[in-house]
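This report concerns only the one structure given below.
Every number in this text was worked out from the coordinates using simple rules, so none of it is lab data. Because the structure is predicted, anything quoted here is derived from the model rather than measured. Glycine also receives a Cβ, built like all others from the backbone with ideal geometry; neighbour counts cover every protein chain displayed.
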Amino acid sequence: MRNRLALLAVLALIVTACGGSSSEEAPPATSSGDVAAGIVTYNGTCVACHGAEGAGIEGLGKPWVGSDFINSRTDDEMLAFLIEGRASDHPENTTGIAMMPRGGNPNLTDADLYDLIAYMRTLNLDA
């Protein structure tokens, strides 16, 4: 975990030193959320469907590790997805299982979800 956080810090410094981004807008590799708080949220809400450390559970929740879905979206786009969820009959739902709004926990605030997104980003550093 410390290695991932250190890598995040180094990547942020490199991007800043290099002047930001390329001509194509890419989603940020890091998030403004709190990774440690995101882990707590994950373990309390998401782990039942997405498995230990985001590995996914067949027929329930997609893996977060190496996820093109996560990697291709900005934090704000991920927030919108988490707020809305995805119905079981949505054309892009490949599991047939609904992704409940806010992971089925209506008490999660937007700040909680940004923390969760920060944790998601750490799962995709090594993938």
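Key figures for this structure:
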| item | result |
| --- | --- |
| Exposure proxy ranking, count of Cβ atoms within 10 Å, fewest first, for F81, F69 | F69, F81 |
| Point-to-point label distance, S88-S32, nm (Cα→Cβ direction, 7 Å offset) | 3.8 nm |
| Inter-probe distance in nm under a simple model that places probes 7 Å from Cα toward Cβ, at F69 and A48 | 1.8 nm |
| Label-point gap, in nm, between I57 and A80 - each point 7 angstrom along Cα→Cβ | 2.9 nm |
| Sequence of T122, T109 once ranked by neighbouring C-beta atoms within 10 Å, starting from the fewest | T109, T122 |
| Residue exposure sequence - M120, M99 - by fewest surrounding Cβ within 10 Å | M99, M120 |
